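The values are calculated or read from the model by the stated rules, or taken from the named source; none is laboratory data. A quick note: this is a predicted structure, and the numbers were derived from the prediction, not measured. Glycine gets a Cβ as well: all are built from the backbone with ideal geometry, and neighbour counts include every protein chain shown.
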C-alpha cells in the first residue's frame, strides 16, 4: 500500500473531529518530519493548495478550513484568487487554502529507515513469508507460515490489504470486517510542471479528487481516481493502468489547470486502498482493535488503514503500544 501512494505528508485537514484519522494524522505528521530529519530520509515541506474552482464551492472551502482548525491544524491560510495565482500563476480558482505544513516524502527511503531501526534493535524482517494462521499458545501466540512456526508474546496484524483476511486466521477473534478494495490510477505529466506546490480540488464526499502531486525530483503526477474492485483477495487485483482513463483525468485537472496540454498525460502506476466498507457506505475511521475490543491478549489488528495511513504511521505505532499496555 505505502509503495503505491501519493507519498504525501498530510497536514490533517479532512478528517472528522475526534477521529483516529484526525488525531493520528496531526501527531504522525510531527513525528514523521522529525524522523525524516534525524534519519536522512528525503522529504520536502512544499505546501499544498486546496482550491475552490467554482463560486458554489466557497462555503465548502470555508467549512474545510473550520474542520482543520478543530483538528489542530493552525497554519492554514485563506487565499483570494489573486493571492493564489501570485503563488501559482497557471492555477485557476475562486479561492484556495494554503497548507504550508503539507509535504512529500520518499516512501521507499522511509520504509528502509524503519527496517534499519528494527534491525539495529535486534529485529529481523522475513520477506516473502506468508502467515497462514495465528494460534493461541502458552502465554502468547504461535505464528504459522508454510515454512516454520514462531512463538510471539505480542502480535500486530499490520498486513495492509491482507489484514482482514489474516484476521480470519487468528484464533479466538470475532469475525473481522470484509476486505474490499478501491483501485486508484495515476498519470504522469510529460515534462516539468509549472507548479511548485501540490494542488488538490475541494474534496467530494470521502474522495480527495484527482490532485496534482510532485515527487522529489519535481516530476508531476495526477491521481488517484477511485475504482471499486470486484475482487476477493489482493492476489486477484490487476494493477495495470488503462490509458483510456486519461480522458476523465484531463477533464478533472483542467478545472484547476486549464492549460494542461493535450497528450501530456501518460499512464504511471496504480495503488489499491484497503477498504472495510461498501461503496454506498460512509468511510469509516481507522480500525485499530486491541484486547479491549476483541478480548484476545497481546494482539492488535490494524484494518482499513488507507490515507492518511502513511502520514500517521509513527503515531499509529504509539497507539498500538498504548493498546497493548
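Might you check whether a residue that is assigned to a loop (DSSP other than H, G, I, E, B) and without any contact (Cβ under 8 Å) to a residue 12 or more places away in the chain occurs anywhere in the stretch 131-145? No, the stretch 131-145 has no match at all. Screening the stretch 123-135 for residues that are under 15 Å from residue 301 (Cα atoms) and more than 26 Å from the chain's Cα centre (by Cα) and picking the one that is surrounded by the fewest Cβ atoms within 10 Å (Cβ to Cβ) gives 135. The stretch 216-325 holds helices (runs of 4 or more DSSP H) entirely within its bounds, and those carrying 3 or more residues that are within 20 Å of the chain's Cα centre (by Cα) and either under 23 Å from residue 153 (Cβ atoms) or in contact (Cβ under 8 Å) with a residue 60 or more places away in the chain (or both) map to 309-324. How many residues, within the stretch 180-205, are assigned to a loop (DSSP other than H, G, I, E, B) and within 15 Å of residue 263 (Cα to Cα)? Going through the stretch 180-205 one residue at a time, the tally reaches 4. Can you confirm whether the stretch 26-38 contains a residue that is modelled with pLDDT of 95 or more, under 22 Å from residue 219 (Cα atoms) and exposed (fewer than 13 other Cβ atoms within 10 Å of the Cβ)? No: zero hits. Exactly one residue among 79, 58 is in contact with a strand residue (DSSP E or B) (Cβ under 6 Å, 6 or more places away or on another chain) and within 17 Å of residue 209 (Cα to Cα), and that residue is 58. Within the stretch 2-13, restricting attention to residues that are at pLDDT below 95 and surrounded by 19 or more Cβ atoms within 10 Å (Cβ to Cβ), the residue that is nearest to residue 199 (Cα to Cα) is 6. Among the residues making up the stretch 59-95, those that are buried (at least 19 other Cβ atoms within 10 Å of the Cβ), free of Cβ contacts under 8 Å to residues at least 60 places away in the same chain and farther than 26 Å from residue 30 by Cβ are 84, 95. Of everything in the stretch 173-195, what is farther than 18 Å from residue 239 by Cβ and touching a helix residue (DSSP H, G or I) at 6+ places or on another chain (Cβ under 8 Å)? Give them in sequence order. Across the stretch 173-195, the qualifying residues are 173, 174, 175, 176, 177, 178.
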